[in-house]
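Okay, structure first, notes after.
Readers should treat all values here as calculations from the given coordinates under stated rules, not as data from a laboratory. As the structure is a computational prediction, the values presented were derived from the model and not from experiment. Reconstructed Cβ throughout: ideal geometry from the backbone, glycine too, with neighbour counts over all protein chains shown.
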Amino acid sequence: MEYKASGEKKKLTGSKKCGCQFKISIKHKFDGLWQVWVVCGLHNHSFTNSLLGHSYAGRLSMDEKEIVRDMSKTSARPRDILSNLKSKNKGNVTVMKTIYNERFMLRKIEANGKSKL
């Protein structure tokens, strides 16, 4: 007997796709260059009110990376690091995943190719 799921879950991919009909056309020319032009530059959706979750707006500045590094060295929890960053800058739209990613990069740099064992 084979098991079948009762309902299908939609996978959350984090994509920002919204069905916008923005179109461009690209052509490779004989001189080795590319020609790019906008076919339809109109958006069929309204702009978002918040930049929360947008990777470009949520990236860390150099000062914020230093704060993450310093607080991580003192064993601060990621949620405490995030709340510290947000208290220092009210316009900060960084999410928890960005803190985790930065801490991962710090550990990777510190390990410098060394094995875990």
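Placing a pseudo-label 7 Å from each Cα along the Cα-to-Cβ vector at Val36 and Ser61 gives an inter-label distance of 2.8 nm. The base-10 log of I(q)/I(0) for the range 62-111, evaluated at q = 0.22, 0.23, 0.24, 0.26 Å⁻¹, reads -0.73, -0.80, -0.87, -1.02 [Debye formula, identical scatterers on Cα atoms, solvent excluded].
Counting 0.36 nm for each residue step from Lys23 to Lys90 and taking away their Cα separation leaves a gain of 20.5 nm.
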